[in-house]
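So the structure is just underneath, and the comments pick up after that.
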Amino acid sequence: MKKEKVIIFDTTLRDGEQAAPASLSVEQKLRIARQLARLGVDVIEAGFPISSPGDFESVATIAREIKDGPVICGLARLVEKDIVACAKAVKPAERPRVHVFIGTSAIHTEKKLRKSEDEILALIRDSVKLARRLCADVEFSAEDAGRTAGDFLCRVTETAIAAGASTINIPDTVGYVPPEQFGAIIDMLRNRVPNIDKAVISVHCHNDLGMSTANSLTAVAHGARQVECTINGIGERAGNAALEEIVMAIKLRSDFFKAYTDIDTREIMRTSKLVREICNMPVQPNKAIVGSNAFAHSSGIHQDGVLKAKNTYEIMTPQSIGLKDNRMNLTSRSGSHMVKTRLTDLGYIEKDYDLPSIYQKFKALADKKGTVYDDDLITLMEMAGNDEFEDMYALDYLSVTSGKGTVPTAVARIIVDGKITKQSAACGSGAVDAATKAIDEIVGYKIKVDDFHIDAITEGREAQAKVRIRASAAEGTFIGTGVSTDIIEASAFAYMDVINKIARMKKFKRKVPKLA
Ligand code: KIV
Ligand code: ZN
């Protein structure tokens with residue numbers, strides 16, 4: 001039996017971004033979109049254009065910039081202004097798509113929308129027709145399809161296809177349907193909707209009961225030919241089906257699914273790391289495919305087996321998802337050409353960064369920690385990417401005394417606007433508290449730290465620590481990150497990152513792009 005292609009529709013930048021701790025900038029979304037294109041996804045859902053001017057601009061920018069590859073899609077409710085804005089945002093793309101949706105379960109139609117079934121069907125017909133007048137490629141989603149009555153779901157699907165939708169998406173919006181039942185929904189549509197052969201059946205599964213991957217794959221086994229998913233499974237609540245799990249399962253078990261995808265699986269790890277970094281959403285160590293333990297063997301029996309024959313406990317190679325041993329170590333002796341080559345390997349395009357300044361930062365890091373790993377480089381680029389505008393405050397000096405029987409005390413010196421140097425000292429309940437209080441004395445902002453998270457981002461004793469702080473101030477909520485081989489310094493850098501973001505907000509009053 002011939003294998004059929006499964007379209008991979010990535011919604012990291014829409015469903016995934018909805019759940020990120022802070023919304024992403026246009027530039028950050030574009031970087032993820034470029035990597036998604038390199039990964040080989042078929043469709044990038046770039047955002048929900050009507051939801052904010054920033055989202056409109058992100059979708060339009062991605063539509064303009066990402067060429068020779070994926071379809072660029074935007075989301076819209078069945079509302080005229082949504083559809084018009086969405087079509088406008090995706091228009092610059094070589095292959096634009098408008099994705100419209102409406103809730104179809106009784107819970108949605110009766111309680112949220114307060115509309116009869118006939119009213120919903122009329123709305124679907126008119127809105128899909130409008131979308132088709134503005135864009136040749138229209139996808140329709142029956143939100144909460146998993147809890148929609150079978151007869152009505154069939155009528156909804158038939159109506160959307162008759163009005164011009166060429167993809168029908170069946171979301172399990174609340175992650176409620178067990179796999180067998182979900183497979184039966186796909187069978188029902190294929191057997192009962194007369195015009196179903198004119199559309200691709202797509203699925204979009206949430207992970208509230210941990211069934212999103214199983215449901216998506218069951219749907220593929222029952223004939224769905226598009227899967228909507230996100231990198232690392234990020235998304236609303238417990239997230240969406242994880243792209244890496246769907247793709248690797250189809251690749252490894254193509255004998256069972258009789259299907260394939262066009263994903264370059266060697267780009268999976270790189271994409272996963274970029275999304276973790278940019279979205280500030282770490283991945284649990286035991287996460288399938290991309291967790292740090294996914295290829296680690298701990299028990300003696302397993303280690304013995306793997307040493308004798310890898311496939312005793314390894315069903316895929318680390319190389320197949322792009323985890324490769326570093327062929328050449330980057331150290332302070334490495335030249336800028338070597339750094340540029342590794343950055344290209346990691347998906348960075350030279351015109352997007354300033355090599356001399358990155359190389360200078362690389363040298364400083366290499367002097368401190370010896371070997372610079374890929375994770376270090378990604379973090380360094382991410383930190384450099386934060387320089388949207390020049391930082392107003394720079395930490396020039398920090399000395400902290402702490403220990404058993406000592407009152408934690410810090411002295412901080414900060415250069416303001418590259419000109420004035422200010423110094424202050426403070427005591428605190430711990431080293432980080434003392435350091436941030438000394439910084440507060442100088443800057444004078446009122447900041448509340450809501451969340452503090454520390455990770456070792458590279459291996460060994462000389463590992464770099466990455467601190468993420470979520471803090472609130474009168475201007476809003478901010479995420480600050482700081483990296484150093486010293487955890488107190490990393491914490492102070494993260495705090496300074498928050499301070500500089502607040503300073504930017506105050507200075508530039510955040511330029512909000514206008515809807516064209
Ligand atoms: O979960 C869902 O139903 C969605 C739709 C908008 C596709 O995200
Ligand atoms: Zn969703």
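The values are calculated or read from the model by the stated rules, or taken from the named source; none is laboratory data. Everything numeric here is computed off the predicted structure, so don't read it as measured data. Virtual Cβ from ideal backbone geometry, glycine too; neighbours counted across all protein chains shown. Only protein heavy atoms, including side chains, enter the accessible area calculation; ligands, DNA and RNA are left aside. Shrake-Rupley method; radii C 1.70, N 1.55, O 1.52, S 1.80 Å.
Do you know the relative contact order of the stretch 130-252, to the nearest whole percent, from alpha carbon pairs under 8 angstrom that are 6+ apart? Over the stretch 130-252, the number comes to 22 percent. The distance between label points at ASN286 and ASN329 comes to 3.3 nm (points 7 Å beyond Cα on the Cα→Cβ vector). Comparing the stretch 4-279 with the 2.2 N^0.38 Å rule of thumb, its C-alpha radius of gyration ratio is 0.92 (two decimals).
A simple count of charges around ILE469, restricted to other residues whose Cβ falls under 14 Å of its Cβ and scoring Lys, Arg +1 and Asp, Glu -1, yields -2. Using C-alpha pairs below 8 Å separated by at least 6 residues, the relative contact order for the stretch 296-382 is 27 percent. Averaging the sequence gap over all C-alpha pairs within less than 8 Å and six or more residues apart, then dividing by the number of residues, gives the chain a relative contact order of 10 percent. With a cut-off of 14 Å between beta carbons, the residues surrounding PHE152 carry a summed charge of -4, where Lys and Arg count +1 and Asp and Glu -1.
In this structure the stretch 131-257 gives 35 Å² per residue of accessible area when probed at 1.4 Å with all protein chains present.
Compute the orientation-averaged projected area for the chain from the convex hull of its Cα atoms and round it to one decimal in nm². Computing the convex hull of the Cα atoms and averaging its projections yields 27.4 nm².
Annotation: amide H of ILE102 within the under-5 Å range of SER141, GLU143, sequence separation 5 or more or interchain, hydrogens built in the peptide plane.
Dipole orientation for the chain: of the candidates GLY103, SER51, ASN232, SER51 has the Cα lying most toward the positive pole (charges on Cβ; Lys, Arg +1; Asp, Glu -1).
Between VAL41, PRO92, LEU78, the Cα set farthest toward the positive side of the dipole of the chain (charges on each charged residue's Cβ, about the Cα centre) is that of PRO92. Rounded to the nearest Hz, the phi-derived 3J(HN,Hα) couplings of the stretch 412-423 under the Karplus curve 6.51 cos²θ - 1.76 cosθ + 1.60 (θ = phi - 60°) are 10, 10, 10, 9, 9, 6, x, 10, 7, 10, 10, 10, where x marks glycine and proline.
When the chymotrypsin sites (Phe, Trp or Tyr not before Pro) in the stretch 138-229 are filtered for DSSP coil states and for at most 10 other beta-carbon atoms within 10 Å of their beta-carbon, no site remains. For the stretch 296-382, the spread of Cα coordinates along the three principal axes comes to 49, 26, 19 Å, biggest extent given first. Loop-located GluC sites (Glu not before Pro) in the stretch 58-118 (DSSP state not H, G, I, E or B) with no more than 15 neighbouring Cβ atoms inside 10 Å: GLU94. The calculated 222 nm mean residue ellipticity attributable to helices in the chain amounts to -12000 deg cm²/dmol, summing -39500 (n - 2.57) over DSSP H runs of n ≥ 4 and dividing by all residues. For ILE7, the residues whose amide H sits under 5 Å from its own are GLN226, VAL227, ignoring neighbours fewer than 5 places away on the same chain, with H placed 1.01 Å from N.
Each part gets one Cα centre, and for the stretch 23-86 versus the stretch 404-448 those centres are 41 Å apart. Residue-normalised convex hull volume from the C-alpha trace of the stretch 157-296: 124 Å³ per residue. Sorted largest first, the principal axis extents computed over the alpha-carbon atoms of the stretch 54-201 equal 41, 31, 28 Å. Charge dipole (Cα centre; +1 on Lys/Arg Cβ, -1 on Asp/Glu Cβ; no other charges) of the chain amounts to roughly 700 debye. Farthest toward the dipole's positive end in the chain, which of TYR495, ALA63, LEU189, given Cβ charges of +1 (Lys, Arg) and -1 (Asp, Glu) about the Cα centre? Farthest towards the positive pole: ALA63.
Taking only protein heavy atoms and a 1.4 Å probe, the accessible area of the chain is 51% carbon and sulfur. Here the stretch 296-382 is assigned +1 on the Cβ of each Lys and Arg and -1 on the Cβ of each Asp and Glu. Its dipole about the Cα centre then comes out at about 300 debye.
Maximal additional length on extending the CYS427-ALA456 stretch stands at 7.8 nm, based on 0.36 nm per residue less the C-alpha distance.
This model, with +1 at the C-beta of Lys and Arg and -1 at the C-beta of Asp and Glu, gives the stretch 393-508 a dipole about its Cα centre of some 380 debye. As a size descriptor, the averaged projected area of the C-alpha convex hull of the stretch 275-423 was calculated at 14.0 nm².
Length gained on full extension, LYS448 to THR341, computed as 0.36 nm times the residue gap minus the Cα-Cα distance: 34.4 nm.
ALA214 sits among other residues whose Cβ lies under 14 Å from its own Cβ, and their net charge, with Lys and Arg +1 and Asp and Glu -1, is -3.
The convex hull defined by the C-alpha atoms of the stretch 393-508 has an orientation-averaged projected area of 7.4 nm².
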